[in-house]
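The next block holds one structure in the form of structure tokens; read it before the comments.
The values are calculated or read from the model by the stated rules, or taken from the named source; none is laboratory data. The structure displayed is predicted, hence computed values, not measured ones. So basically every Cβ, Gly included, is an ideal-geometry build from the backbone, and we count neighbours across all protein chains shown. Note: accessible area is taken over every heavy atom of the protein model, side chains too, but ligands, DNA and RNA are not part of it. Shrake-Rupley method; radii C 1.70, N 1.55, O 1.52, S 1.80 Å.
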Amino acid sequence: MQSHEKLLGILDLFDEANPEWDFDALLERLGFSRSTLYRYLKVLTDAGLLSSFPGRGYSLGPRIIQMDHQIIVSDPLIRAARPIMQSLTRQHVSVGLLCRRYRQGVLCVHQEKSTDQIRSNFERGRYRPLLKGAASQVILAHLSHYQLSRLYDENPAAFSETGLGTTLSEVRSHLKEIRHKGWHHTIADVTPGVTGIAAPLFDSQNDVAGSLSLTFPGTTILADEIAKVGKQLVVAAVSISEQIRQKS
């Protein structure tokens with residue numbers, strides 16, 4: 001691993017379970033020499049990516065908050081999707097989620113809502129695997145055969161647990177149905193007591209880039225109504241995808 005990868009890898013250690021690290025804990029976890037770790041921490045602290053407090057150790061720094069604000073106001077995907085999401089949530093009592101494909105999973109990057117009846121467990125900044133929920137599975141359905149095979153080989157049991165299939169062939173068949181329909185819905189898959197409906201987003205290379213979804217309170221929505229919303233989301237997702245392509 002190159003030195004810059006080791007340095008940036010330190011940031012990956014900070015999560016909800018471990019928001020703070022002291023020097024000795026980092027030293028034990030990473031296995032660097034003391035001088036190397038001191039040097040890396042100084043670089044990250046000077047850049048504002050980490051903060052240090054006497055007696056508390058290190059936590060993520062203010063530069064990340066500044067960068068997050070810049071993403072909110074300037075990210076092309078959010079800018080294209082925000083007015084469409086606001087229109088959708090005005091029409092439907094729901095929570096709208098904009099998700100971006102990220103690494104081997106999906107990251108929620110924006111949320112709009114028109115109800116307090118539910119609180120989505122998939123808030124902005126939350127990352128989760130591609131296997132659960134409409135917003136994730138509709139992305140999974142548009143991965144290449146190679147990408148899907150790699151994910152499956154890493155954890156076939158996880159696919160089986162989600163009901164996608166007990167073999168790679170079954171998984172591909174299930175995802176093909178989602179892909180041909182153009183949208184997908186799940187019931188109480190991530191958040192109890194809700195129905196999620198999602199459509200995929202594509203970049204200028206026609207690779208799946210993320211998803212647009214609506215989460216509704218309740219689990220007894222009629223199939224015709226679900227299909228109507230699904231088709232509406234497809235139209236909205238196509239509009240967002242076209243705007244992204246125009247900016248590329």
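Taking the stretch 27-51 as the region of interest, how many residues are hydroxyl-bearing (Ser, Thr, Tyr), surrounded by 16 or more Cβ atoms within 10 Å (Cβ to Cβ) and in contact with a strand residue (DSSP E or B) (Cβ under 9 Å, 6 or more places away or on another chain)?
Initially, the stretch 27-51 is screened for residues hydroxyl-bearing (Ser, Thr, Tyr), giving 33, 35-36, 38, 40, 45, 51.
Next cut, surrounded by 16 or more Cβ atoms within 10 Å (Cβ to Cβ) only: 40, 51.
Okay, now just the ones that are also in contact with a strand residue (DSSP E or B) (Cβ under 9 Å, 6 or more places away or on another chain), so 51.
Number of matching residues: 1.
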Pairs where the first residue, in the stretch 81-101, is closer than 10 Å to ILE240 by Cβ and the second is part of a strand (DSSP E or B) and charged (D, E, K, R), C-beta under 7 Å, 6+ apart: MET85/GLU112
Enumeration of residues in the stretch 62-94 that are in contact with a Leu (Cβ under 7 Å, 6 or more places away or on another chain) and more than 30 Å from GLU225 (Cα to Cα): ARG63, ILE64
Residue satisfying condition, being more than 29 Å from TRP21 (Cβ to Cβ), modelled with pLDDT of 95 or more and surrounded by 12 or more Cβ atoms within 10 Å (Cβ to Cβ), within set ILE84, ILE118: ILE84
So PHE14, is it more than 20 Å from LEU201 (Cα to Cα), free of Cβ contacts under 8 Å to residues at least 40 places away in the same chain and not aliphatic (A, V, I, L, M): no
Test: residue in the stretch 37-59 that is farther than 30 Å from HIS110 by Cα and touching a helix residue (DSSP H, G or I) at 6+ places or on another chain (Cβ under 6 Å): yes
Conditions (1) touching a helix residue (DSSP H, G or I) at 6+ places or on another chain (Cβ under 7 Å); (2) buried (at least 20 other Cβ atoms within 10 Å of the Cβ); (3) closer than 28 Å to ALA17 by Cα: number failed by ARG100: (2)
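From the list GLY125, GLY57, pick out the single residue that is surrounded by 15 or more Cβ atoms within 10 Å (Cβ to Cβ), small (Gly, Ala, Ser) and out of contact with any Ser or Thr (no Cβ under 9 Å at 6 or more places or on another chain). Steps first, please.
Working: GLY125 fails: surrounded by 15 or more Cβ atoms within 10 Å (Cβ to Cβ).
Testing whether each residue is surrounded by 15 or more Cβ atoms within 10 Å (Cβ to Cβ), small (Gly, Ala, Ser) and out of contact with any Ser or Thr (no Cβ under 9 Å at 6 or more places or on another chain) leaves just GLY57.
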Selection from the stretch 197-225 of residues that are touching a Ser or Thr at 6+ places or on another chain (Cβ under 6 Å), at pLDDT 95 or above and small (Gly, Ala, Ser): ALA198
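Please determine, by comparing only the residues of the stretch 144-164 that are of a type in the set (Ser, Thr, Tyr) and outside any helix (DSSP H, G or I), which one is nearest to HIS92 (Cα to Cα).
Within the stretch 144-164, the first condition is being of a type in the set (Ser, Thr, Tyr), and the residues that meet it are 144, 146, 149, 152, 160, 162.
Checking which are outside any helix (DSSP H, G or I) leaves us with 144, 162.
On the way: SER144: 33, THR162: 28 Å.
This residue is THR162.
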Every pair of residues 6+ apart whose Cβ atoms lie under 9 Å, when the first sits in the stretch 118-141 and is β-branched (Val, Ile, Thr) while the second is in a helix (DSSP H, G or I) and open to solvent by 70 Å² or more (accessible area, probe 1.4 Å): VAL138/ARG179
